[in-house]
Structures are given as structure tokens and as C-alpha cells.
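Trainee: Dumping the structure here so I can ask a few things about it.
Coordinate-derived values only; no laboratory data. Worth saying up front: this structure is predicted, and the values here are computed from it rather than measured. FYI the Cβ positions are ideal-geometry reconstructions off the backbone, even for glycines, and counts take in every protein chain you see.
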Amino acid sequence: MNNPTTLLSGHNHITLNVGGAQEDYDFHTEVLGLKSVKKTLLYDGQAPIYHLYYGNDTGEESTLVTTFPFRHAGLTATKGSGQISVLTLSVPESSLDWWRNRLEENGFEVTAVERFGEKRLAFQHPCGIDYELVGVADDERTPATHPDIPSEYGIRGVHSISCSVRDLELTDQFMQMGWGSRKVEGDGNATRYEMGEGGPGAIVDYILEPNRAPGSWTFGEGYVHHCAFSVDSLESQMAVKLFLEGLGYTDVSDVKDRGYFYSIYVRTPGGPLFEATYTKPEHFAIDEPRDSLGAQIMISPQFEDSRQELLAQLETIEYA
Ligand SMILES: [Fe+2]
């Protein structure tokens, strides 16, 4: 094996620092029609924070958007360069007009944009994070089931992330040498990289914005925290870690057990935080039945004794 980073196959999940928990829950499950596949807590730091997972009905890799709602903790953050700046979700090309109507009926301001020859609807999460729906003709991923969203219109998963950077040179080096990606095309100030088989679910775009002030890296409401990419085994994950460290990216984290998967994190040269993730075989069914994912708030076993005390500090989420 020459370059272990070619084991990074595409998006696993993208994680956002959002505002209110109920607001986030309603946006993802009602407006966008994603399924709540896990409700749990963030286990970094001292104060309890929800960790909410949304995706298709089984929470498959690359359909997952996860959130940390920070409003009740009073933590805010600023958007800027050195961050993942746009989350782009894939929908069938023929559904864009339908989605525009749905978003506008729900009070969202929608702008039609085009990049890389792809038609997109740009709008914002209620906490201000920039979202897009992009029309794709042949994305075979299975959408979540939702009573108001026909399956032929449903969201297929994460299409791409866009990252705002002030300079591309060191980022290009990291992506091509360290992250197993290839540069595929440019469009104005945007440059596209793909990994694995490429296409929706395996795309990272960089937007060159040399004059944009740097945004936050701390936890706090209002920006994308990190993006995770899949590897197929713990051995592959360790190979990626050791390879990156061997290149000189010595700030790769230790392996962290996140309950449903194992994670390592690396701060990329342009600023965005990336993760390489190995999903446990049981995945979200490790602590609740596969046909009732997301039905309860799951507390990690070491904190189960403090369940009531922890939940009392959090916003109550109303859900069916
Ligand atoms: Fe993550």
C-alpha cells in the first residue's frame, strides 16, 4: 500500500454547531424530512450538550448530518474563513422547483445559484449556517421516508462540503498528498476535490476568499464544526493517522470511541476540521432496536446514573 489515505472513501457525517435544539430538530426532520436516527449527548467538555443525528431511515454513512445545539449554554461563534462554510445536500434534479416552494412556504429565503454546472438552491439553517440543495440526476442513495415528501423528491445525502480558505496552496498539498483526494476542476474561485469513486458523497470544494476574516474554531452556535470521512477498518484508520503524522501533520488526535464509531481528527492547513471515521458494525443499533432508532435519548453507560440530572440541564425536545 503506497498511500493509506486512498482508504478514505467519502463523507461519513458532517457535524454542525447549531442554536436551539427544538429549532434544529424541526428544521431537519420536518422541513428537510430527514429521520432522527439518534439522540444522545456530546461527551467532550463539562456541560451537557445534545448530539442529534439525522439521516435516512437507517442512518447510512454519507446521509448523516449531526448537530450540537449550543443556545441554552449561551455559546456563540462566528462564521468566516478557515471553516467549512456550506453544507450541500443532494436531491433529484427534477425536484428543485418543488423544494423551492416547500422552503419558501416554510419561511426560508431561497436563492438559485449555479456552480460547477450544477443547479442549487441556497438558504440558511435557522441558526445561520449556509445550506444548499443541489440537483443531481442519478444519486442512488435511499432517502428517508416522510409523510409529506415523496421519495422521488427526498434528500439523498450529503453531496459536498464547501470550505472557505484564504489560500489554496497548503490545502492543495494536504488534500492531494495527505487526504487521498484528487483535484478535478475549478469554477471561478472554487476548486473541487474528490476521493474514492467520486461524485455526490465524495466531494470537497474549496472557495478561495483571501480577504474573509477567520471564523471560530471553538464550540458555539452558528457554524459547521467538522466533516467526517469514512474508512473501512480500525487498521485503515490507524494507517491514515500514522501516514499523516509521517508527513508532519502531527496534530492528528488519538482514536476516540464515539459510541457508534471510532474517530480521529485533524486540523487541516486551511482551517477546517476533518475526521476519519470507522463505523462500528452495529452502528446505531448498538443501543436501541434498528426499527426504532432515535426513539429515546441515549446516555452513554458511564453517565447513565446521572441521566435525570443531565437532561434537566438541557432544552426539552418535543417529538412524536
Ligand atoms: Fe464527527
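Trainee: So, in the range 249-269, exactly how many residues are polar (S, T, N, Q), away from the ligand (no atom under 13 Å from the Cβ) and under 22 Å from the mean Cα position of the chain (by Cα)?
Mentor: Of all residues in the range 249-269, those polar (S, T, N, Q) come to 250, 253, 263, 268.
Adding the requirement that they be away from the ligand (no atom under 13 Å from the Cβ) leaves 250, 268.
So of that shortlist, the ones also under 22 Å from the mean Cα position of the chain (by Cα) come out as 268.
The qualifying residues number 1.
Trainee: Now, a different point. Go through the range 71-120 and count every residue that is among the small types (Gly, Ala, Ser), farther than 24 Å from Lys183 by Cβ and not in a loop (DSSP other than H, G, I, E, B).
Mentor: Number satisfying all stated conditions: 4.
Trainee: Then there is this: Could you say whether any residue in the range 9-27 is under 15 Å from the mean Cα position of the chain (by Cα) and at positive phi?
Mentor: yes
Trainee: May I pose another question? Please return the ranges of strands (runs of 3 or more DSSP E) entirely within the range 202-320 where 1 or more residues are over 26 Å from Glu60 (Cβ atoms). Write out each step before concluding.
Mentor: On the way: elements: 203-208, 223-230, 261-267, 273-279.
Those strands (runs of 3 or more DSSP E) span 203-208, 261-267.
Trainee: Taking the range 68-100 as the search range and keeping residues that are closer than 25 Å to Phe274 by Cα and of a type in the set (Ser, Thr, Tyr), which one is surrounded by the fewest Cβ atoms within 10 Å (Cβ to Cβ)?
Mentor: Among residues in the range 68-100 that are closer than 25 Å to Phe274 by Cα and of a type in the set (Ser, Thr, Tyr), the one surrounded by the fewest Cβ atoms within 10 Å (Cβ to Cβ) is Thr78.
Trainee: Considering only the range 10-23, state which residues are away from the ligand (no atom under 16 Å from the Cβ) and either farther than 16 Å from Ser36 by Cα or not aliphatic (A, V, I, L, M) (or both). Walk me through it before giving the result.
Mentor: Just the residues of the range 10-23 that are away from the ligand (no atom under 16 Å from the Cβ), to begin with: 19-23.
The answer is Gly19, Gly20, Gln22, Glu23.
Trainee: I'm checking my understanding of the structure. Among residues of the range 212-248 that are away from the ligand (no atom under 16 Å from the Cβ) and without any contact (Cβ under 8 Å) to a residue 40 or more places away in the chain, which one is farthest from Phe68 (Cα to Cα)?
Mentor: Gly246
Trainee: If you go through the range 220-243, how many residues are within 22 Å of the chain's Cα centre (by Cα) and surrounded by 18 or more Cβ atoms within 10 Å (Cβ to Cβ)?
Mentor: Qualifying residue count, the range 220-243: 16.
Trainee: Continuing with this model, one more query. Taking the condition of being closer than 29 Å to Glu197 by Cα, more than 16 Å from the ligand (Cβ to nearest atom) and outside any loop (DSSP other than H, G, I, E, B), how many residues in the range 30-55 meet it? Can you show your working first?
Mentor: Taking the range 30-55 first, the residues closer than 29 Å to Glu197 by Cα are 32-38, 52-55.
From what is left, the residues that are more than 16 Å from the ligand (Cβ to nearest atom) are 32-36.
The next check asks that each one be outside any loop (DSSP other than H, G, I, E, B); those that pass are 35-36.
Number of matching residues: 2.
Trainee: Determine whether Leu103 is touching a strand residue (DSSP E or B) at 6+ places or on another chain (Cβ under 6 Å) and either crowded, with 19+ Cβ neighbours inside 10 Å or under 25 Å from Thr171 (Cβ atoms) (or both).
Mentor: Values: touching a strand residue (DSSP E or B) at 6+ places or on another chain (Cβ under 6 Å): yes; either crowded, with 19+ Cβ neighbours inside 10 Å or under 25 Å from Thr171 (Cβ atoms) (or both): no.
No.
Trainee: Could I ask something else about it? How do the pairs read when you match residues in the range 273-288 that are within 16 Å of the ligand (Cβ to nearest atom) with residues anywhere that are among the β-branched types (Val, Ile, Thr) and in a helix (DSSP H, G or I), using Cβ under 8 Å and keeping only pairs 6 or more apart or on different chains?
Mentor: Ala276/Val240; Lys280/Ile286
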